[in-house]
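Remarks on the structure that follows.
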Amino acid sequence: MNALIENIISTQPKKSTIALFWLGQAGFIIKTASGARIGIDPYLSDYVERSFPEMGFGFKRLMPPPCPAEDLHLDYLLISHEHADHYDADSIKALIDNGNPMILTTPTVAREMQGAGFDLGRVRVLRPRDREQHSEFNVTVVDCDHGELSSDAIGFVLDFGFLSVYYAGDTALTPNRLEIAIKCKPDIAILPINGAFGNLDGEQAATLVGVLQSKYCIPCHFWMFPLHMGNPQQIIDSLPQHAPHCRLCLFQQGEGMIFPMESPEE
């Protein structure tokens, strides 16, 4: 069995905790104490490179997929926008066939899925300020600023009752566009740090974490493609200045962590 899948299966979060796994790029899996699995923007193929052959090595995948899409069973699938490293069109059929997840996404992604022949019966089309209650969590859809690259890109704040997780998606540091997320004061902030294609760099991410007042920061969206860039050392250096009370959680691809974390003195 694939090592990541085995780890997801064997990890059993206790009550009032969640397990969070990084799939690389901007992809995550959240597992709840009841065993529900929430996937966010999993990128598990070579779809980006295949979509842009004219870029040569620019979008060559540098980290191999941590698991086959066919082996990943999800109860929920959240897709923040239509870009190929977030909406993985080469993996979506396998993800649907394997678990028939509830899909929460944007109008543009829903149209692309419909054009590809998928049944939208399990698809929820969401826009900023939408709120939904699900059995495992409440979701607040938050705005982000991905500019003209994606006009209806969104982020998510998942509230589990004991802990809230903000997944920013792809965004620039535009405070008025991030107002909903800032008001939520999420415990965990998952932020891009690549500083390209309109996204936050590491120092901007640290600045945003300070405004969010988050307890944990998880950087993502770096080191997958040569053109995407990203330097984790920026946020390592910047977080103590901008958010001294925030704990940086720097994942390896495929690594999982339990939240809330025990404090260092425990």
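For segment 75-87, just list the computed ³J(HN,Hα) in residue order, Karplus coefficients 6.51, -1.76 and 1.60, θ = phi - 60°, integers in Hz, with x standing in for Gly and Pro.
Values per residue, Gly and Pro as x: 8, 9, 10, 9, 10, 7, 5, 8, 4, 5, 8, 10, 9 Hz.
Shape of segment 139-266 from its Cα gyration tensor (a ≥ b ≥ c, root eigenvalues): rounded if a/c is under 1.5, otherwise prolate when a/b > b/c, or oblate?
oblate
With a/c under 1.5 counting as rounded, go ahead and sort segment 1-104 into rounded, prolate or oblate using the C-alpha gyration tensor (a ≥ b ≥ c being the square roots of the eigenvalues; past the cut-off, prolate if a/b is larger than b/c, else oblate). Each step should come with its number before you reach the end.
Details: a/c = 2.17, a/b = 1.84, b/c = 1.18.
Because a/c hits 1.5 or more and a/b exceeds b/c, segment 1-104 counts as prolate.
Could you tell me what percent of the accessible area of the chain is made up of carbon and sulfur, with a 1.4 Å probe and every protein chain present? Don't jump to the answer; show the numbers that get you there.
Numbers: 5720 of 11530 Å².
After summing per-atom areas, the C and S share lands at 50 percent.
For LEU104, which sequence-distant residues (separation of 5 or more, or a different chain) have an amide H within less than 5 Å of its own amide H, given hydrogens modelled in the peptide plane?
LEU77, LEU78, ILE79, ARG124
Using just the helices of the chain, give the 222 nm mean residue ellipticity in deg cm²/dmol: DSSP H runs with n ≥ 4 each add -39,500 (n - 2.57), and the total is spread over all residues, rounded to 500.
-6000 deg cm²/dmol
Normalised by the residues of segment 115-256, what does the relative contact order come to in percent, with Cα pairs under 8 Å and at least six apart? Present the calculation step by step, with values, prior to reporting the outcome.
Details: 296 pairs, mean separation 23.0, N = 142.
So the answer I get is 16 percent.
Rounded, prolate or oblate: which fits segment 68-190 when a ≥ b ≥ c are the square roots of the eigenvalues of the alpha-carbon gyration tensor, with rounded for a/c under 1.5 and prolate only if a/b beats b/c?
Values: a/c = 1.94, a/b = 1.34, b/c = 1.44.
Oblate, since a/c reaches 1.5 and b/c is not below a/b.
In the set [x] 49, 42, 37; [y] 64, 52, 29; [z] 71, 46, 26, which value of Cα extents along the principal axes in Å was calculated from the structure you see?
[x]
Just order 73-86, 129-142 by mean Cβ neighbour count inside 10 Å, highest at the front, would you?
Details: 73-86: 23.1, 129-142: 16.4.
Sorting 73-86, 129-142 by mean packing, highest first, produces 73-86, 129-142.
Can you list the residues, at least 5 places off or on another chain, whose amide H is less than 5 Å from the amide H of ASP130, using H built in the peptide plane?
Distant-sequence amide H within range of ASP130: VAL141.
For the chain, what is the accessible area per residue in Å² when the probe is 1.4 Å? Each step should come with its number before you reach the end.
On the way: 11530 Å² over 266 residues.
Each residue of the chain exposes 43 Å² on average to a 1.4 Å probe.
Sequence-distant or interchain residues sharing an amide H contact under 5 Å with LEU191, placed H: which?
ILE218, CYS220
The values are calculated or read from the model by the stated rules, or taken from the named source; none is laboratory data. Keep in mind that this is a model prediction, so the values were computed, not measured. When we count neighbours, we look across all protein chains shown, and the Cβ atoms used for this are built from the backbone with ideal geometry, even at glycine. Note: accessible area is taken over every heavy atom of the protein model, side chains too, but ligands, DNA and RNA are not part of it. Shrake-Rupley method; radii C 1.70, N 1.55, O 1.52, S 1.80 Å.
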